[in-house]
Amino acid sequence: MSREQVSASDPPWWHGAVVYQLYVRSWRDSNDDGYGDLRGIIQRLDHLSWLGADAIWLSPTMPSPDEDWGYDVSDYTGVHPELGTLADLDELIGQAGQRGMRVLLDLVPNHTSSAHPWFADAASGREAARRDWYVWAAGRPDGGLPNNWLDFTGRPAWQWHDSGQYYLHNFLPGQPDLNWWEPAVHAEFARILEFWFERGVAGFRVDVANGLYKDAELRDNPPLDPPNPMDGAYGLRSVYNSNRPETHGVYRDWRKIAESYSPERLLLGETWVPDAQRLASYYGDNDELQLGFNFPFAFASLDPARLAAIVEQTLAALPPGACPVWMGSNHDLGRFPSRWCGGDERTIRLALLVLATLPGTSVLYYGDEIGMADVDVPVELRRDHATLDVAGGADRDRARTPMPWDGSPGGGFTEPGVTPWLPIGDQSRTVAGQCDDPDSTLSLCRRLLALRRAELGRGLADFENLAVTEGVWAYRTGSLVVAANFTGQPTDMPTEAGEVLLTTSTDEAPRSPGVLRPWEGVITLPGR
Ligand code: GLC
(Lines give C-alpha, C1' and ligand atoms only; values in the text may rest on other atoms or scores of the structure.)
Protein backbone atom coordinates (compact mmCIF):
# COMPACT_ATOMS: atom_id res chain seq x y z
CA MET A 1 0.00 0.00 0.00
CA SER A 2 3.07 2.19 -0.03
CA ARG A 3 2.28 4.66 -2.78
CA GLU A 4 -1.06 3.62 -4.17
CA GLN A 5 -2.52 6.13 -6.59
CA VAL A 6 -6.08 7.17 -5.96
CA SER A 7 -8.17 9.36 -8.14
CA ALA A 8 -9.31 12.59 -6.56
CA SER A 9 -12.92 11.66 -7.22
CA ASP A 10 -12.78 8.34 -5.31
CA PRO A 11 -14.36 8.54 -1.87
CA PRO A 12 -11.81 8.05 0.90
CA TRP A 13 -11.41 4.32 1.63
CA TRP A 14 -12.93 4.57 5.12
CA HIS A 15 -16.28 5.86 3.84
CA GLY A 16 -18.35 2.70 4.12
CA ALA A 17 -15.48 0.63 5.51
CA VAL A 18 -15.43 -1.84 8.38
CA VAL A 19 -12.50 -1.44 10.76
CA TYR A 20 -11.63 -4.33 13.05
CA GLN A 21 -10.12 -3.32 16.38
CA LEU A 22 -7.67 -5.96 17.46
CA TYR A 23 -6.23 -6.10 20.98
CA VAL A 24 -2.83 -7.47 20.02
CA ARG A 25 -2.02 -9.20 23.31
CA SER A 26 -5.21 -11.21 23.14
CA TRP A 27 -5.61 -12.22 19.53
CA ARG A 28 -3.11 -14.96 18.75
CA ASP A 29 0.07 -16.01 20.53
CA SER A 30 2.64 -17.24 17.99
CA ASN A 31 5.53 -17.94 20.39
CA ASP A 32 3.82 -19.66 23.31
CA ASP A 33 4.52 -17.00 25.91
CA GLY A 34 0.85 -16.45 26.72
CA TYR A 35 0.69 -13.04 24.98
CA GLY A 36 -0.66 -12.34 21.53
CA ASP A 37 1.82 -10.80 19.09
CA LEU A 38 2.29 -9.44 15.57
CA ARG A 39 3.25 -12.79 14.03
CA GLY A 40 0.09 -14.23 15.53
CA ILE A 41 -1.89 -11.60 13.65
CA ILE A 42 -0.12 -12.50 10.42
CA GLN A 43 -1.05 -16.16 11.01
CA ARG A 44 -4.72 -15.32 11.28
CA LEU A 45 -5.11 -12.53 8.72
CA ASP A 46 -7.21 -14.87 6.59
CA HIS A 47 -9.92 -14.79 9.25
CA LEU A 48 -10.20 -11.03 8.78
CA SER A 49 -10.30 -11.10 4.99
CA TRP A 50 -12.79 -14.00 5.13
CA LEU A 51 -14.93 -11.93 7.51
CA GLY A 52 -14.79 -8.89 5.24
CA ALA A 53 -12.80 -6.34 7.26
CA ASP A 54 -11.35 -3.41 5.32
CA ALA A 55 -8.85 -2.33 7.94
CA ILE A 56 -7.34 -3.37 11.25
CA TRP A 57 -6.67 -1.04 14.15
CA LEU A 58 -3.99 -2.47 16.41
CA SER A 59 -4.01 -1.61 20.11
CA PRO A 60 -0.67 -0.02 21.12
CA THR A 61 2.35 -1.66 19.52
CA MET A 62 5.10 0.70 20.65
CA PRO A 63 7.69 -0.02 23.36
CA SER A 64 6.25 0.61 26.81
CA PRO A 65 6.75 -0.34 30.46
CA ASP A 66 3.08 -1.39 30.29
CA GLU A 67 1.79 0.35 33.35
CA ASP A 68 -1.24 0.96 31.12
CA TRP A 69 -0.61 -1.79 28.54
CA GLY A 70 1.10 0.27 25.90
CA TYR A 71 -0.76 3.54 26.52
CA ASP A 72 2.44 4.63 28.25
CA VAL A 73 4.82 4.89 25.31
CA SER A 74 8.59 4.97 25.79
CA ASP A 75 9.55 5.03 22.08
CA TYR A 76 7.18 6.31 19.38
CA THR A 77 9.04 4.83 16.43
CA GLY A 78 9.61 1.30 17.67
CA VAL A 79 7.77 -1.96 18.23
CA HIS A 80 7.32 -3.48 21.67
CA PRO A 81 9.77 -6.42 21.85
CA GLU A 82 7.11 -8.65 23.42
CA LEU A 83 4.90 -8.08 20.37
CA GLY A 84 7.52 -8.44 17.66
CA THR A 85 9.86 -6.33 15.57
CA LEU A 86 9.61 -3.51 13.09
CA ALA A 87 10.19 -6.14 10.39
CA ASP A 88 7.17 -8.09 11.67
CA LEU A 89 5.06 -4.96 11.51
CA ASP A 90 6.26 -4.25 7.97
CA GLU A 91 5.35 -7.80 7.02
CA LEU A 92 1.95 -7.49 8.65
CA ILE A 93 1.24 -4.31 6.70
CA GLY A 94 2.38 -6.00 3.48
CA GLN A 95 0.39 -9.18 4.03
CA ALA A 96 -2.72 -7.27 5.07
CA GLY A 97 -2.30 -5.13 1.94
CA GLN A 98 -2.19 -8.25 -0.24
CA ARG A 99 -5.59 -9.15 1.19
CA GLY A 100 -6.93 -5.65 0.56
CA MET A 101 -6.76 -4.58 4.20
CA ARG A 102 -5.13 -1.52 5.74
CA VAL A 103 -3.42 -1.24 9.10
CA LEU A 104 -4.01 1.54 11.62
CA LEU A 105 -1.82 2.00 14.69
CA ASP A 106 -2.70 3.53 18.03
CA LEU A 107 -0.99 6.87 18.69
CA VAL A 108 -0.78 8.36 22.19
CA PRO A 109 -0.04 12.08 21.96
CA ASN A 110 -1.54 13.27 25.27
CA HIS A 111 1.15 11.75 27.46
CA THR A 112 4.26 9.60 27.34
CA SER A 113 5.59 7.02 29.73
CA SER A 114 7.69 8.45 32.55
CA ALA A 115 10.32 6.04 31.14
CA HIS A 116 10.41 7.94 27.85
CA PRO A 117 13.83 9.61 27.32
CA TRP A 118 12.01 12.95 26.87
CA PHE A 119 10.65 12.73 30.39
CA ALA A 120 13.96 11.46 31.79
CA ASP A 121 15.55 14.60 30.38
CA ALA A 122 12.72 16.90 31.49
CA ALA A 123 12.89 15.51 35.02
CA SER A 124 16.65 15.90 35.26
CA GLY A 125 16.36 19.49 36.43
CA ARG A 126 14.48 22.74 36.04
CA GLU A 127 16.91 23.94 33.40
CA ALA A 128 16.71 20.72 31.35
CA ALA A 129 16.37 21.17 27.58
CA ARG A 130 13.03 19.35 27.50
CA ARG A 131 11.67 20.62 30.82
CA ASP A 132 8.84 22.46 29.09
CA TRP A 133 7.75 19.42 27.08
CA TYR A 134 5.71 18.41 30.14
CA VAL A 135 3.34 20.33 32.43
CA TRP A 136 5.11 21.41 35.62
CA ALA A 137 3.70 23.62 38.37
CA ALA A 138 4.48 24.86 41.84
CA GLY A 139 2.20 24.11 44.77
CA ARG A 140 -0.17 26.77 46.10
CA PRO A 141 1.27 29.21 48.62
CA ASP A 142 -0.68 27.38 51.36
CA GLY A 143 1.19 24.21 50.43
CA GLY A 144 -1.76 22.78 48.49
CA LEU A 145 -1.59 21.12 45.09
CA PRO A 146 -1.43 23.40 42.00
CA ASN A 147 -5.19 22.95 41.37
CA ASN A 148 -8.14 20.57 41.86
CA TRP A 149 -7.61 18.36 38.80
CA LEU A 150 -8.00 14.62 39.31
CA ASP A 151 -6.54 11.80 37.27
CA PHE A 152 -8.62 9.01 35.72
CA THR A 153 -8.49 6.99 38.93
CA GLY A 154 -9.93 9.91 40.93
CA ARG A 155 -6.65 10.74 42.67
CA PRO A 156 -4.91 14.13 42.37
CA ALA A 157 -3.49 14.61 38.87
CA TRP A 158 -0.30 16.16 40.29
CA GLN A 159 2.80 14.23 41.26
CA TRP A 160 5.54 15.87 43.30
CA HIS A 161 8.96 15.48 41.74
CA ASP A 162 12.36 15.83 43.41
CA SER A 163 13.35 18.42 40.84
CA GLY A 164 11.21 20.84 42.84
CA GLN A 165 7.82 20.98 41.06
CA TYR A 166 4.71 18.92 40.52
CA TYR A 167 4.08 17.36 37.12
CA LEU A 168 0.63 16.70 35.61
CA HIS A 169 -0.77 13.25 34.83
CA ASN A 170 -4.36 13.01 33.68
CA PHE A 171 -3.89 9.24 33.74
CA LEU A 172 -1.31 7.45 35.93
CA PRO A 173 1.76 9.04 37.55
CA GLY A 174 3.73 6.90 35.06
CA GLN A 175 1.97 8.78 32.21
CA PRO A 176 3.08 12.42 32.46
CA ASP A 177 1.04 14.76 30.22
CA LEU A 178 2.90 16.43 27.39
CA ASN A 179 2.80 20.21 27.19
CA TRP A 180 1.28 21.04 23.81
CA TRP A 181 2.03 24.75 24.29
CA GLU A 182 5.62 23.73 23.48
CA PRO A 183 6.36 23.95 19.71
CA ALA A 184 9.01 21.20 19.90
CA VAL A 185 6.30 18.71 20.90
CA HIS A 186 4.40 19.55 17.68
CA ALA A 187 7.57 19.03 15.64
CA GLU A 188 8.23 15.64 17.25
CA PHE A 189 4.74 14.37 16.53
CA ALA A 190 4.82 15.58 12.94
CA ARG A 191 7.98 13.53 12.56
CA ILE A 192 6.36 10.49 14.22
CA LEU A 193 3.35 10.69 11.90
CA GLU A 194 5.61 10.86 8.86
CA PHE A 195 7.76 7.98 10.10
CA TRP A 196 4.78 5.61 10.19
CA PHE A 197 2.99 6.98 7.14
CA GLU A 198 6.16 6.40 5.11
CA ARG A 199 6.12 2.77 6.27
CA GLY A 200 2.66 2.26 4.84
CA VAL A 201 0.62 2.68 8.01
CA ALA A 202 -2.83 3.74 6.78
CA GLY A 203 -3.52 6.02 9.72
CA PHE A 204 -3.91 6.27 13.46
CA ARG A 205 -6.49 5.90 16.11
CA VAL A 206 -5.62 8.95 18.21
CA ASP A 207 -5.75 8.26 21.95
CA VAL A 208 -7.39 10.88 24.21
CA ALA A 209 -7.95 13.00 21.13
CA ASN A 210 -9.81 15.70 23.06
CA GLY A 211 -6.97 16.01 25.58
CA LEU A 212 -3.58 17.42 24.46
CA TYR A 213 -3.77 21.12 25.39
CA LYS A 214 -4.34 22.13 29.02
CA ASP A 215 -5.48 25.51 30.25
CA ALA A 216 -2.48 27.84 30.24
CA GLU A 217 -3.47 29.21 33.66
CA LEU A 218 -4.21 25.74 35.07
CA ARG A 219 -7.57 26.92 36.43
CA ASP A 220 -9.63 24.70 38.74
CA ASN A 221 -12.26 22.51 37.06
CA PRO A 222 -15.87 23.41 37.97
CA PRO A 223 -18.29 20.92 39.57
CA LEU A 224 -19.98 18.35 37.33
CA ASP A 225 -23.71 18.43 37.87
CA PRO A 226 -25.46 16.21 36.91
CA PRO A 227 -22.92 13.38 36.65
CA ASN A 228 -22.07 12.39 33.08
CA PRO A 229 -19.13 10.06 32.44
CA MET A 230 -18.43 11.71 29.12
CA ASP A 231 -18.28 15.23 30.53
CA GLY A 232 -15.97 14.64 33.45
CA ALA A 233 -15.58 12.40 36.46
CA TYR A 234 -15.38 12.36 40.24
CA GLY A 235 -17.64 15.39 40.53
CA LEU A 236 -15.57 17.66 38.25
CA ARG A 237 -16.26 18.81 34.69
CA SER A 238 -13.24 18.46 32.43
CA VAL A 239 -13.19 22.07 31.31
CA TYR A 240 -9.57 23.02 31.85
CA ASN A 241 -7.59 19.76 31.87
CA SER A 242 -8.89 18.73 28.41
CA ASN A 243 -11.31 19.85 25.67
CA ARG A 244 -9.31 23.05 25.13
CA PRO A 245 -9.94 24.95 21.88
CA GLU A 246 -6.24 25.05 20.99
CA THR A 247 -6.24 21.26 20.38
CA HIS A 248 -8.09 21.77 17.10
CA GLY A 249 -5.01 23.44 15.63
CA VAL A 250 -3.03 20.25 16.15
CA TYR A 251 -5.49 18.32 14.01
CA ARG A 252 -5.53 20.96 11.30
CA ASP A 253 -1.76 20.50 11.06
CA TRP A 254 -1.94 16.70 11.14
CA ARG A 255 -4.70 16.65 8.52
CA LYS A 256 -2.39 18.48 6.13
CA ILE A 257 0.26 15.82 6.75
CA ALA A 258 -2.31 13.01 6.28
CA GLU A 259 -3.49 14.57 3.03
CA SER A 260 0.02 14.85 1.65
CA TYR A 261 0.04 11.04 1.22
CA SER A 262 -1.70 8.95 -1.38
CA PRO A 263 -3.97 7.42 -0.37
CA GLU A 264 -4.73 10.01 2.26
CA ARG A 265 -3.89 8.76 5.74
CA LEU A 266 -6.64 8.49 8.34
CA LEU A 267 -6.93 10.14 11.76
CA LEU A 268 -9.60 8.45 13.87
CA GLY A 269 -9.97 10.20 17.20
CA GLU A 270 -10.91 8.85 20.60
CA THR A 271 -13.24 11.82 20.98
CA TRP A 272 -14.57 11.30 24.49
CA VAL A 273 -17.26 14.00 24.39
CA PRO A 274 -20.91 13.94 25.45
CA ASP A 275 -22.80 15.23 22.42
CA ALA A 276 -22.91 15.45 18.63
CA GLN A 277 -21.96 19.14 18.54
CA ARG A 278 -18.74 18.62 20.41
CA LEU A 279 -18.00 15.49 18.41
CA ALA A 280 -18.51 17.45 15.19
CA SER A 281 -16.10 20.14 16.38
CA TYR A 282 -13.24 17.63 16.02
CA TYR A 283 -14.07 17.18 12.33
CA GLY A 284 -13.62 20.97 12.07
CA ASP A 285 -14.56 22.31 8.71
CA ASN A 286 -13.59 18.94 7.22
CA ASP A 287 -10.04 19.96 8.00
CA GLU A 288 -9.33 18.18 11.32
CA LEU A 289 -9.90 14.50 12.20
CA GLN A 290 -11.58 12.58 9.38
CA LEU A 291 -13.31 10.36 11.95
CA GLY A 292 -14.24 10.68 15.62
CA PHE A 293 -15.65 7.91 17.79
CA ASN A 294 -19.25 8.37 18.87
CA PHE A 295 -19.31 7.59 22.60
CA PRO A 296 -22.90 8.74 23.21
CA PHE A 297 -23.98 6.05 20.71
CA ALA A 298 -21.93 3.33 22.37
CA PHE A 299 -23.08 4.35 25.86
CA ALA A 300 -26.77 4.50 24.90
CA SER A 301 -28.96 1.54 25.69
CA LEU A 302 -30.00 -0.62 22.75
CA ASP A 303 -33.25 1.25 22.49
CA PRO A 304 -34.51 2.17 19.00
CA ALA A 305 -35.73 5.64 19.95
CA ARG A 306 -32.48 6.54 21.65
CA LEU A 307 -30.22 5.16 18.93
CA ALA A 308 -32.31 6.62 16.11
CA ALA A 309 -32.10 10.05 17.76
CA ILE A 310 -28.34 9.86 18.23
CA VAL A 311 -27.79 8.79 14.62
CA GLU A 312 -29.95 11.65 13.38
CA GLN A 313 -28.29 14.23 15.65
CA THR A 314 -24.84 13.01 14.64
CA LEU A 315 -25.56 13.22 10.92
CA ALA A 316 -27.07 16.67 11.35
CA ALA A 317 -24.10 17.96 13.36
CA LEU A 318 -21.22 16.68 11.23
CA PRO A 319 -19.95 18.98 8.50
CA PRO A 320 -21.26 18.14 5.00
CA GLY A 321 -19.50 15.13 3.51
CA ALA A 322 -18.03 14.04 6.85
CA CYS A 323 -18.17 10.39 7.82
CA PRO A 324 -19.65 9.14 11.11
CA VAL A 325 -18.25 6.15 13.02
CA TRP A 326 -20.24 3.55 14.94
CA MET A 327 -19.04 1.02 17.47
CA GLY A 328 -20.48 -0.89 20.38
CA SER A 329 -17.43 -2.42 22.07
CA ASN A 330 -13.87 -1.50 22.86
CA HIS A 331 -11.05 -2.27 25.28
CA ASP A 332 -12.25 0.33 27.80
CA LEU A 333 -16.06 0.23 27.58
CA GLY A 334 -16.56 -3.52 27.47
CA ARG A 335 -18.36 -5.60 24.90
CA PHE A 336 -21.78 -4.80 23.43
CA PRO A 337 -23.00 -8.41 23.58
CA SER A 338 -22.95 -7.91 27.36
CA ARG A 339 -23.64 -4.19 27.76
CA TRP A 340 -26.36 -3.82 25.13
CA CYS A 341 -27.65 -7.36 24.86
CA GLY A 342 -27.18 -9.08 28.23
CA GLY A 343 -25.73 -12.05 26.32
CA ASP A 344 -28.96 -12.70 24.39
CA GLU A 345 -28.06 -14.08 20.95
CA ARG A 346 -31.10 -12.64 19.14
CA THR A 347 -30.28 -9.15 20.39
CA ILE A 348 -26.59 -9.54 19.60
CA ARG A 349 -27.61 -10.35 16.02
CA LEU A 350 -29.82 -7.25 15.86
CA ALA A 351 -26.99 -5.09 17.15
CA LEU A 352 -24.64 -6.47 14.50
CA LEU A 353 -27.26 -5.72 11.85
CA VAL A 354 -27.45 -2.11 13.03
CA LEU A 355 -23.66 -1.71 13.21
CA ALA A 356 -23.29 -3.15 9.72
CA THR A 357 -25.91 -0.96 8.06
CA LEU A 358 -25.50 2.53 9.50
CA PRO A 359 -23.84 4.93 7.07
CA GLY A 360 -20.14 5.71 7.43
CA THR A 361 -17.45 3.64 9.12
CA SER A 362 -18.26 0.73 11.43
CA VAL A 363 -15.75 -0.52 13.95
CA LEU A 364 -16.00 -4.06 15.26
CA TYR A 365 -13.99 -5.14 18.28
CA TYR A 366 -12.33 -8.56 18.10
CA GLY A 367 -14.86 -11.16 19.19
CA ASP A 368 -17.92 -9.07 18.27
CA GLU A 369 -18.26 -11.30 15.22
CA ILE A 370 -18.89 -14.38 17.38
CA GLY A 371 -20.98 -12.54 19.95
CA MET A 372 -18.20 -12.71 22.53
CA ALA A 373 -19.34 -11.44 25.92
CA ASP A 374 -17.40 -9.78 28.74
CA VAL A 375 -15.46 -12.24 30.86
CA ASP A 376 -15.68 -12.12 34.61
CA VAL A 377 -11.95 -12.08 35.41
CA PRO A 378 -11.28 -12.93 39.07
CA VAL A 379 -9.53 -10.06 40.84
CA GLU A 380 -6.38 -12.10 41.44
CA LEU A 381 -5.99 -12.69 37.68
CA ARG A 382 -6.62 -9.11 36.57
CA ARG A 383 -3.87 -7.35 34.64
CA ASP A 384 -5.22 -3.80 34.32
CA HIS A 385 -3.19 -2.49 37.19
CA ALA A 386 -4.10 1.03 36.19
CA THR A 387 -7.36 0.79 38.07
CA LEU A 388 -7.03 -2.30 40.23
CA ASP A 389 -6.27 -0.47 43.44
CA VAL A 390 -9.12 2.02 43.04
CA ALA A 391 -12.37 1.21 44.80
CA GLY A 392 -14.29 -1.10 42.48
CA GLY A 393 -11.67 -0.80 39.73
CA ALA A 394 -12.68 -0.07 36.17
CA ASP A 395 -12.34 -3.77 35.33
CA ARG A 396 -11.27 -3.20 31.77
CA ASP A 397 -9.84 -6.73 31.68
CA ARG A 398 -13.32 -8.10 31.14
CA ALA A 399 -13.10 -7.05 27.49
CA ARG A 400 -9.41 -7.85 26.94
CA THR A 401 -9.37 -11.64 27.31
CA PRO A 402 -7.99 -13.97 24.61
CA MET A 403 -9.92 -14.60 21.44
CA PRO A 404 -11.54 -18.04 21.68
CA TRP A 405 -10.62 -19.53 18.30
CA ASP A 406 -11.64 -23.07 19.23
CA GLY A 407 -12.67 -25.21 22.16
CA SER A 408 -9.24 -26.70 22.91
CA PRO A 409 -7.19 -25.96 26.02
CA GLY A 410 -5.48 -22.72 25.01
CA GLY A 411 -8.49 -21.91 22.85
CA GLY A 412 -6.38 -21.83 19.68
CA PHE A 413 -5.02 -18.57 21.12
CA THR A 414 -1.98 -20.28 22.59
CA GLU A 415 -0.67 -23.81 22.91
CA PRO A 416 -2.29 -26.16 25.43
CA GLY A 417 -0.27 -26.02 28.63
CA VAL A 418 0.65 -22.33 28.23
CA THR A 419 -1.04 -19.99 30.71
CA PRO A 420 -2.56 -17.10 28.76
CA TRP A 421 -1.93 -13.64 30.19
CA LEU A 422 -5.67 -13.32 30.92
CA PRO A 423 -8.01 -16.27 31.29
CA ILE A 424 -9.88 -17.55 28.25
CA GLY A 425 -13.59 -17.07 28.86
CA ASP A 426 -16.62 -18.85 27.49
CA GLN A 427 -15.58 -21.43 24.89
CA SER A 428 -19.12 -22.21 23.85
CA ARG A 429 -18.79 -19.36 21.36
CA THR A 430 -15.68 -19.88 19.21
CA VAL A 431 -14.61 -19.15 15.66
CA ALA A 432 -14.16 -22.84 14.82
CA GLY A 433 -17.50 -23.70 16.34
CA GLN A 434 -19.33 -21.07 14.32
CA CYS A 435 -17.58 -20.76 10.98
CA ASP A 436 -19.30 -23.69 9.25
CA ASP A 437 -22.70 -23.18 10.81
CA PRO A 438 -24.86 -21.03 8.50
CA ASP A 439 -27.06 -20.05 11.45
CA SER A 440 -24.20 -18.86 13.65
CA THR A 441 -23.59 -15.26 14.62
CA LEU A 442 -20.22 -15.42 12.87
CA SER A 443 -21.86 -16.50 9.60
CA LEU A 444 -24.44 -13.74 10.03
CA CYS A 445 -21.71 -11.17 10.60
CA ARG A 446 -19.89 -12.30 7.48
CA ARG A 447 -23.08 -12.15 5.41
CA LEU A 448 -23.82 -8.69 6.79
CA LEU A 449 -20.41 -7.35 5.80
CA ALA A 450 -20.62 -8.94 2.34
CA LEU A 451 -24.06 -7.46 1.77
CA ARG A 452 -22.88 -4.08 3.02
CA ARG A 453 -20.03 -4.15 0.54
CA ALA A 454 -22.20 -5.34 -2.35
CA GLU A 455 -25.23 -3.10 -1.81
CA LEU A 456 -23.87 0.00 -0.09
CA GLY A 457 -20.39 -0.02 -1.59
CA ARG A 458 -17.94 2.75 -0.93
CA GLY A 459 -19.01 6.23 0.02
CA LEU A 460 -21.55 7.62 2.43
CA ALA A 461 -24.98 6.07 2.17
CA ASP A 462 -27.92 8.49 2.45
CA PHE A 463 -29.74 7.80 5.68
CA GLU A 464 -33.30 8.45 6.79
CA ASN A 465 -35.18 7.24 9.86
CA LEU A 466 -38.50 5.82 8.63
CA ALA A 467 -40.32 4.45 11.64
CA VAL A 468 -39.19 4.65 15.20
CA THR A 469 -41.77 3.18 17.51
CA GLU A 470 -41.40 1.58 20.85
CA GLY A 471 -39.25 -1.43 20.08
CA VAL A 472 -39.06 -1.09 16.30
CA TRP A 473 -36.54 0.84 14.24
CA ALA A 474 -36.78 1.13 10.47
CA TYR A 475 -34.48 3.23 8.34
CA ARG A 476 -33.42 3.75 4.80
CA THR A 477 -29.70 3.43 4.23
CA GLY A 478 -28.54 3.94 0.65
CA SER A 479 -30.66 1.71 -1.58
CA LEU A 480 -31.74 -0.51 1.33
CA VAL A 481 -34.47 -0.45 3.95
CA VAL A 482 -33.57 -1.98 7.31
CA ALA A 483 -36.18 -2.93 9.90
CA ALA A 484 -35.40 -4.25 13.36
CA ASN A 485 -37.87 -5.54 15.92
CA PHE A 486 -36.43 -5.24 19.42
CA THR A 487 -39.46 -6.86 21.05
CA GLY A 488 -40.69 -10.37 21.71
CA GLN A 489 -43.90 -9.71 19.73
CA PRO A 490 -44.37 -9.99 15.96
CA THR A 491 -44.89 -6.61 14.36
CA ASP A 492 -45.77 -5.14 10.98
CA MET A 493 -43.02 -4.82 8.41
CA PRO A 494 -42.71 -1.13 7.47
CA THR A 495 -44.50 -0.30 4.24
CA GLU A 496 -41.23 0.97 2.69
CA ALA A 497 -39.60 -2.47 3.01
CA GLY A 498 -39.14 -4.64 -0.06
CA GLU A 499 -37.64 -8.03 -0.82
CA VAL A 500 -35.85 -9.48 2.22
CA LEU A 501 -32.17 -9.93 1.37
CA LEU A 502 -31.07 -10.93 4.86
CA THR A 503 -32.69 -11.79 8.16
CA THR A 504 -31.13 -12.13 11.59
CA SER A 505 -33.73 -14.75 12.47
CA THR A 506 -32.88 -18.45 12.46
CA ASP A 507 -36.56 -19.41 12.46
CA GLU A 508 -37.06 -21.86 9.61
CA ALA A 509 -40.86 -21.60 9.49
CA PRO A 510 -42.11 -19.75 6.37
CA ARG A 511 -42.34 -16.02 6.88
CA SER A 512 -45.82 -14.49 7.08
CA PRO A 513 -45.93 -11.71 4.51
CA GLY A 514 -45.60 -8.24 5.96
CA VAL A 515 -44.60 -9.45 9.43
CA LEU A 516 -41.36 -9.01 11.34
CA ARG A 517 -40.81 -11.87 13.73
CA PRO A 518 -39.98 -11.29 17.41
CA TRP A 519 -36.39 -10.03 17.75
CA GLU A 520 -35.91 -10.12 13.99
CA GLY A 521 -33.99 -7.63 11.91
CA VAL A 522 -34.09 -7.60 8.12
CA ILE A 523 -32.34 -5.89 5.27
CA THR A 524 -34.65 -5.36 2.35
CA LEU A 525 -34.46 -4.01 -1.15
CA PRO A 526 -37.43 -1.73 -1.75
CA GLY A 527 -39.23 -1.80 -5.07
CA ARG A 528 -38.87 -5.56 -5.31
C1 GLC B 1 -7.52 5.88 26.32
C2 GLC B 1 -7.30 4.40 26.14
C3 GLC B 1 -7.21 3.77 27.49
C4 GLC B 1 -6.01 4.36 28.21
C5 GLC B 1 -6.09 5.88 28.25
C6 GLC B 1 -4.78 6.50 28.62
O7 GLC B 1 -8.71 6.17 26.93
O8 GLC B 1 -8.31 3.86 25.35
O9 GLC B 1 -7.11 2.37 27.43
O10 GLC B 1 -5.93 3.88 29.53
O11 GLC B 1 -6.44 6.43 27.01
O12 GLC B 1 -3.90 6.45 27.54
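The values are calculated or read from the model by the stated rules, or taken from the named source; none is laboratory data. A quick note: this is a predicted structure, and the numbers were derived from the prediction, not measured. Cβ atoms come from the backbone with ideal geometry, glycine included; neighbour counts cover every protein chain shown. Only protein heavy atoms, including side chains, enter the accessible area calculation; ligands, DNA and RNA are left aside. Shrake-Rupley method; radii C 1.70, N 1.55, O 1.52, S 1.80 Å.
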Net charge of neighbours whose Cβ lies under 13 Å from the Cβ of R44, counting Lys and Arg as +1 and Asp and Glu as -1 | -2
With only helices counted (DSSP H, runs n ≥ 4, each -39500 (n - 2.57)), the per-residue ellipticity at 222 nm for the chain, to the nearest 500, works out to -6500 deg cm²/dmol
Using a cut-off of 15 Å between beta-carbons, work out the net charge of the residues near T477 (Lys and Arg +1, Asp and Glu -1, T477 not included).
-> -1
Sparse-neighbourhood loop sites, GluC sites (Glu not before Pro) in segment 189-289 - DSSP loop, at most 10 other Cβ within 10 angstrom = E217
What is the list of residues in segment 333-373 whose amide nitrogen lies under 17 Å from a point 7 angstrom out from the Cα of D303, following Cα to Cβ?
-> 339-342
Report the label-to-label distance for E496 and D253 in nanometres (one decimal), using points 7 Å from each Cα along the Cα→Cβ vector.
-> 4.5 nm
With the other protein chains left in place, how much accessible area per residue, in square angstrom, belongs to the chain at a 1.4 angstrom probe?
-> 37 Å²
How big is the gap, in Å, between the Cα center of segment 346-409 and the Cα center of segment 136-154?
-> 35 Å
Cα-based shape type of segment 432-528, given that a ≥ b ≥ c are square roots of the gyration tensor eigenvalues and the cut on a/c is 1.5 = oblate
In whole percent, the fraction of accessible protein surface over segment 270-379 that belongs to carbon or sulfur atoms, probe radius 1.4 Å, stands at 53 percent
Estimate the FRET efficiency between L218 and A120 by the formula 1/(1 + (r/R0)^6), using the beta-carbon distance for r and 25 Å for R0, to the nearest 0.05.
-> 0.60
Roughly speaking, what is the stretch gain from R458 to Q43, that is 0.36 nm per residue apart minus the C-alpha to C-alpha distance, in nm to one decimal?
-> 146.6 nm
Report the extension gain between R237 and S7 in nm, rounded to one decimal, defined as 0.36 nm multiplied by the number of residues separating them, less their alpha carbon distance.
-> 78.3 nm
Using the beta-carbon distance between E246 and D426 and R0 = 41 Å, what value does 1/(1 + (r/R0)^6) give for FRET efficiency, to the nearest 0.05?
-> 0.35
Taking segment 316-450, the whole-percent share of alpha-carbon pairs separated by over 24 angstrom is 36 percent
Any residue on another chain or 5+ positions along whose placed amide H is under 5 Å from the amide H of L291 is listed here as L267, G269
If the label point sits 7 Å along Cα→Cβ of A138, residues of segment 157-187 with amide N under 14 Å come out as 164-166
Over the heavy atoms of C435, what accessible area does a 1.4 Å probe trace out, to the nearest 10 Å²?
-> 50 Å²
On full extension of the chain, what length is gained from E380 through T77, given 0.36 nm per residue of separation minus the C-alpha to C-alpha distance?
-> 105.7 nm
Cα long-axis angle, helix 183-198 against the chain (0 to 90 degrees, to the nearest 10) | 40 degrees
Report, to the nearest 10°, how far helix 86-98 tilts away from the longest principal axis of the Cα atoms in the chain, using its own Cα long axis and a range of 0 to 90°.
-> 20 degrees
